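Okay, structure first, notes after.
The values are calculated or read from the model by the stated rules, or taken from the named source; none is laboratory data. Just so you know, these numbers come straight off a predicted model, no measurement behind them. No Cβ is skipped: glycine too gets one built from the backbone with ideal geometry, and neighbour counts run over all protein chains shown.
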Amino acid sequence: MLEYARWKYVLALILILASALYALPNLYPQDAAVQITANRGFAVDAALDARVEAKLRENGIAFRSVADEGGSLFVRLGGEDQLRAAELLRDYLGRGYIVAQNLASTVPAWLERIGARPMLLGLDLQGGVHFLLQVDQQAALERREGTFAEQIRVVLRENRIATEEVLVRPTDILIRLVRQEDLAKALSLVGTDAPELVLTALQGDSAPGFTARIPQATLDAIIDETINQNVQILRNRINALGVAEPVVQRQGDSRIVVQLPGVQDTALAKRVIGATATLEFRAVIGDEAQAAAALATGRIPADGRIYFQRRVGADGQPLPLILSRRIIASGDQLVGAASGTDAESGTPKVDITLNASAGQRMFDFTTRNVGQRLAVVYIERIPEVRIVDGQEVRSTRVTEEVISAATVQGVFGRQFQTTGLESPAEAQQLALLLRSGALAAPMEFAEERIIGPSLGAENVQRGVQSIVASFLLVLVFFVVYYRMFGLITNIALLVNLLMLVAVMSVFGATITLPGLAGIALTVGLSVDANVLINERIREELRAGNTPLASIVTGYEKASGTILDANVTALLAGIALFVFGTGPVKGFALALIVGILTSMYTAVSLSRGVATLIYGRRRKLAGLAI
């Protein structure tokens, strides 16, 4: 008997409505826009809105709207004015704001509130953002030399060998000893602790000592390691942004290419990719009055350095503070960072977890310095863009400020918290950067551009038209060839496509050419399944079965074959998804989702439609098939 349970109809109705709802955002095109995001100390407010509108009108640039959306100011305008408006506003607003070209969503707010969003198109279909980053190799080498110098100081100090100085020079590290008799022992200790260094004793009448030089092979290895580490850290940061199918790859000896398809917030991506915000923990020497006197006279302790605090004095200027040159712990020694709110003060905080060695140093410091002050230095490299003589000039501004200089109340080691941050957003961004890792070397944006589809907009449009035309031809063929059951097949195919688009949209998938191939393949599999069912029903009718019995038997016999065929394809798709990368993974995801939706629509949904049409007919002379 041809039956279909009522709960299955309810389930089908819910799935169709939900699919239509979550596929709907794909019908809304995106607007060309300029996105303005405030740096620390600046705000996105009504005054900025008015300034931006006035500047655009003054220069004859037409815009559709200027509105604050999610903490950023979006200027929606025509695509031909996007670049001109971005350059104008970037120069006008200066370093207080990040100005980036973007695509603004036109999806209604009620759809966004339920999490409905469109599928993102890949670089080959839609284009995206392209960054070319230049790695500062010299900074990486200087950092490693500084590490070796500190390592030498610690080894000699722990073995009670007095030094006059440990000086990092352009080509080597100079170590001068107090006593000549310590030279042999010092060479032995440093050679054992840092075997990669080439040690050479000083000759002549100079003070006893030696030089430590990093050999060229080690320098090359350091640079190679630096580039690879930065590539991995960039991948971590981009993954934290949730960008689908990004391209992060090394280019030559000192550059990294980053391509972000379908990015909604290019300003945030640029900030997270280019930022090198980190923390350093240093001991405080003296107080603010001593620091002000040292700044005025220029007499700064040899082991200290002047920093400025985030808080200001009565004159409105940042308060100076002398900090030790020795770093107790830094951001690259963190294993965990989480933002939150301090229970006592109600201010933003970041909970810090150090690795074992840094935790031990922090424990040793706090054990010896209860009652003394410990400073937290916030260091940030901010990428900037200026237009000089019509050319885009990129640079990096480095800010170093003391965000906290609290008194050590007790002993602590690996786990503690730091406060002094301006806002929860700043705490969240700092925690993100600390979690994803400190860059092994600073980077500058050598190139940034919005790139169009690699296939060309015309080719993409023709491709979409050909897909739609072929799909319509298939629908017409089924109606002509299978008549009523052709109509049932068409309903199943359309619902299958609707569900596939909805699921891919919910996943936030980025559709590339391989992804489209996966969708086309699953539609083909769905067609095969429906053809198999229809032919089975025809065979049963030719065998002399009644129409209703032919429908029931046709679905039962075809279902097993369809299941077997799709399970093997599903296993292949899972293998491609697990072991593949990039475009292969996109193809596999479309294939897996499409197989699941096609099995449901071909085997279950189409049977429900057939039951709705024929199930209540007691006397059925024949079938329109």
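Annotation note: of Gly413, Gly486, Gly463, the sole residue that is assigned to a loop (DSSP other than H, G, I, E, B) and either at pLDDT 90 or above or not aliphatic (A, V, I, L, M) (or both) is Gly413. Taking the condition of being touching a residue at least 40 places away in the same chain (Cβ under 8 Å) and more than 15 Å from Val531 (Cβ to Cβ), how many residues in the stretch 464-482 meet it? Within the stretch 464-482, residues that are touching a residue at least 40 places away in the same chain (Cβ under 8 Å) and more than 15 Å from Val531 (Cβ to Cβ) number 2. For the stretch 531-550, does any single residue satisfy the condition of being in the same structural domain as Thr512 (by TED's automatic domain parsing), under 23 Å from Ser19 (Cβ atoms) and at pLDDT 85 or above? Checked against the condition, which is being in the same structural domain as Thr512 (by TED's automatic domain parsing), under 23 Å from Ser19 (Cβ atoms) and at pLDDT 85 or above, the stretch 531-550 yields at least one hit.
Residues that are under 22 Å from Thr147 (Cα atoms) and more than 33 Å from the chain's Cα centre (by Cα) occur in the stretch 354-363; there is at least one.
Taken over the stretch 40-61, residues that are within 28 Å of Glu380 (Cβ to Cβ) and surrounded by fewer than 13 Cβ atoms within 10 Å (Cβ to Cβ) amount to 5. Remark: Ile595 matches the filter, which requires a residue to be at negative phi and surrounded by 15 or more Cβ atoms within 10 Å (Cβ to Cβ).
This table checks each residue for (1) loosely packed, with under 14 Cβ neighbours inside 10 Å; (2) within 22 Å of Met599 (Cα to Cα); (3) aliphatic (A, V, I, L, M).
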{"position": "Arg462", "(1), (2), (3)": "yes, no, no"}
{"position": "Ile467", "(1), (2), (3)": "no, yes, yes"}
{"position": "Leu472", "(1), (2), (3)": "yes, yes, yes"}
{"position": "Phe478", "(1), (2), (3)": "no, yes, no"}
{"position": "Tyr482", "(1), (2), (3)": "no, yes, no"}
{"position": "Leu487", "(1), (2), (3)": "no, yes, yes"}
{"position": "Asn490", "(1), (2), (3)": "no, yes, no"}
{"position": "Asn496", "(1), (2), (3)": "no, yes, no"}
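Residues of the stretch 127-136 that are crowded, with 23+ Cβ neighbours inside 10 Å and more than 17 Å from Val231 (Cβ to Cβ): Gly128, Val129.
Does Phe577 satisfy being within 30 Å of Gln461 (Cα to Cα), in contact with a Lys or Arg (Cβ under 9 Å, 6 or more places away or on another chain) and not polar (S, T, N, Q)? Considered against the rule, which asks whether it is within 30 Å of Gln461 (Cα to Cα), in contact with a Lys or Arg (Cβ under 9 Å, 6 or more places away or on another chain) and not polar (S, T, N, Q), Phe577 comes out as yes. For Asp364, the criteria (1) touching a helix residue (DSSP H, G or I) at 6+ places or on another chain (Cβ under 8 Å); (2) outside any loop (DSSP other than H, G, I, E, B) hold in every case but one, which is (1).
Only one of (1) among the β-branched types (Val, Ile, Thr); (2) touching an Asp or Glu at 6+ places or on another chain (Cβ under 8 Å); (3) at pLDDT 80 or above is not met by Val402, so which one is it? Answer for Val402: the failing condition is (2). When Thr581 is tested against (1) surrounded by fewer than 16 Cβ atoms within 10 Å (Cβ to Cβ); (2) over 29 Å from the mean Cα position of the chain (by Cα); (3) within 28 Å of Ala509 (Cα to Cα), exactly one condition is not met: (2).
A search for C-beta distances below 7 Å between a residue of the stretch 537-555 that is more than 19 Å from Ile488 (Cβ to Cβ) and any residue that is buried (at least 19 other Cβ atoms within 10 Å of the Cβ) and β-branched (Val, Ile, Thr), counting only pairs 6+ apart in sequence or on different chains, returns nothing.
Can you pull out every residue in the stretch 183-224 that is crowded, with 17+ Cβ neighbours inside 10 Å and out of contact with any strand residue (DSSP E or B) (no Cβ under 9 Å at 6 or more places or on another chain)? Passing the criteria: Leu189, Ile222. Filtering the stretch 155-174 to residues that are loosely packed, with under 13 Cβ neighbours inside 10 Å and part of a helix (DSSP H, G or I) leaves Arg157, Glu158. Looking only at the stretch 557-571, which residues are loosely packed, with under 14 Cβ neighbours inside 10 Å and free of Cβ contacts under 8 Å to residues at least 24 places away in the same chain? Listed by number, the residues that qualify are Gly560, Asp564, Val567, Thr568, Leu571. Any idea which residue in the stretch 581-625 is nearest to Glu3 (Cα to Cα), counting only those that are in contact with a helix residue (DSSP H, G or I) (Cβ under 7 Å, 6 or more places away or on another chain) and of a type in the set (Lys, Arg)? Looking at the filtered set, the residue picked out is Arg607.
One residue stands out among those in the stretch 446-460 that are surrounded by fewer than 17 Cβ atoms within 10 Å (Cβ to Cβ) and assigned to a helix (DSSP H, G or I): the one that is modelled with the highest pLDDT, which is Glu458.
Yes/no matrix, rows are residues, columns are (1) at pLDDT below 85; (2) closer than 29 Å to Arg117 by Cβ:
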residue	(1), (2)
Ala12	no, yes
Leu15	no, yes
Tyr22	no, yes
Gln30	yes, yes
Ala33	no, yes
Ala50	no, no
Val66	no, yes
Gln82	yes, yes
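Among the residues of the stretch 77-103, just one is surrounded by fewer than 20 Cβ atoms within 10 Å (Cβ to Cβ), in contact with a Lys or Arg (Cβ under 9 Å, 6 or more places away or on another chain) and over 30 Å from Thr399 (Cβ atoms), namely Gly78.
Here the condition is being in contact with a Lys or Arg (Cβ under 9 Å, 6 or more places away or on another chain), in a helix (DSSP H, G or I) and within 29 Å of Glu444 (Cβ to Cβ); of Ala329, Ala358, Ala375, it holds for Ala358 alone. Tell me whether the stretch 65-77 contains one or more residues that are within 30 Å of Met504 (Cα to Cα), in contact (Cβ under 8 Å) with a residue 60 or more places away in the chain and among the charged types (D, E, K, R). No; the residues of the stretch 65-77 include none that is within 30 Å of Met504 (Cα to Cα), in contact (Cβ under 8 Å) with a residue 60 or more places away in the chain and among the charged types (D, E, K, R). Can you tell me which residues in the stretch 343-355 are in contact (Cβ under 8 Å) with a residue 60 or more places away in the chain, assigned to a loop (DSSP other than H, G, I, E, B) and surrounded by 14 or more Cβ atoms within 10 Å (Cβ to Cβ)? Answer for the stretch 343-355, where residues must be in contact (Cβ under 8 Å) with a residue 60 or more places away in the chain, assigned to a loop (DSSP other than H, G, I, E, B) and surrounded by 14 or more Cβ atoms within 10 Å (Cβ to Cβ): just Thr347. Tallying residues that are assigned to a helix (DSSP H, G or I) and either in contact (Cβ under 8 Å) with a residue 60 or more places away in the chain or in contact with a Leu (Cβ under 7 Å, 6 or more places away or on another chain) (or both) within the stretch 577-624 yields 32. For the stretch 263-274, the criterion of being modelled with pLDDT of 80 or more and touching a helix residue (DSSP H, G or I) at 6+ places or on another chain (Cβ under 7 Å) is met by none of the residues.
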